[in-house]
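Everything on this sheet refers to the single structure shown next.
The values are calculated or read from the model by the stated rules, or taken from the named source; none is laboratory data. This is a predicted model, so every value here is computed, not measured. Note: ideal-geometry Cβ built from the backbone for every residue, glycine included; neighbour counts use all protein chains shown.
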Amino acid sequence: MNLGFRRMREEDLALVHEWLQRPHVVRWWRDRTAFEDTVERYLPAIEGTDPTDLYIADRDGEPVAFLQTYLIADHPDYAALVGVGEGAAGMDLLIGDESRTGQGLGTELIDRFVNDVVFARTDTTSCCADPDARNVASIRAFEKAGFRIVREFVDPEDGQVHALVRRDR
């Protein structure tokens, strides 16, 4: 299997928006029902005015996932909430097609993305994510990719308990 990551482009917004509407994604990702909401959220990062780095994962030339990474310190409210210290990067991902879940793709995406993209920044000392605590499959994928659960917290944006997972360099 040939798995790679490329920077998300403006022409990918329609695909990511469509993925965000799928039931297996809607369950865990914030609701962006209008295409304009997706554009408003992600276009600034594509254009370089938001410090989040957006990626599309391709497997054998076909887009299969959306991933993002950011320095947690660039988001002071979130940094205060999770308290992970300097040098920590955050990451999020979704697999676009539900039929590709439950087969180890998530673990491979996480592991490769952290090694190839997140830790490519030499000043990044750790990588964190915060899946919903009820999303057992996601937490397990992070654990298989070398993350450990640090603690749980309530995210004020969605009112849900999230598991803070971390992998040190």
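Things worth noting here:
- Residue within region 76-90 that is at pLDDT 90 or above and closer than 26 Å to A14 by Cβ present: yes
- All conditions in (1) free of Cβ contacts under 8 Å to residues at least 60 places away in the same chain; (2) farther than 27 Å from L13 by Cα hold for A120, with the sole exception of (2).
- Of the numbered criteria (1) exposed (fewer than 15 other Cβ atoms within 10 Å of the Cβ); (2) modelled with pLDDT of 95 or more; (3) among the hydroxyl-bearing types (S, T, Y), the one S99 fails is (2).
- Residue check for Y55: part of a strand (DSSP E or B), buried (at least 17 other Cβ atoms within 10 Å of the Cβ) and touching a strand residue (DSSP E or B) at 6+ places or on another chain (Cβ under 8 Å): yes
- Residues within region 1-52 that are within 19 Å of D158 (Cβ to Cβ), part of a helix (DSSP H, G or I), of a type outside the set (K, R) and free of Cβ contacts under 8 Å to residues at least 12 places away in the same chain, tallied: 3
- Lone qualifier among A145, A79 - being touching a helix residue (DSSP H, G or I) at 6+ places or on another chain (Cβ under 7 Å), within 21 Å of R41 (Cα to Cα), surrounded by 13 or more Cβ atoms within 10 Å (Cβ to Cβ) and aliphatic (A, V, I, L, M): A79
- Some residue of region 102-121 being in a loop (DSSP other than H, G, I, E, B) and within 18 Å of Q160 (Cβ to Cβ): no
- Within the span defined as region 60-73, every residue fails to be within 25 Å of Q160 (Cβ to Cβ), charged (D, E, K, R), more than 14 Å from the chain's Cα centre (by Cα) and at pLDDT below 95.
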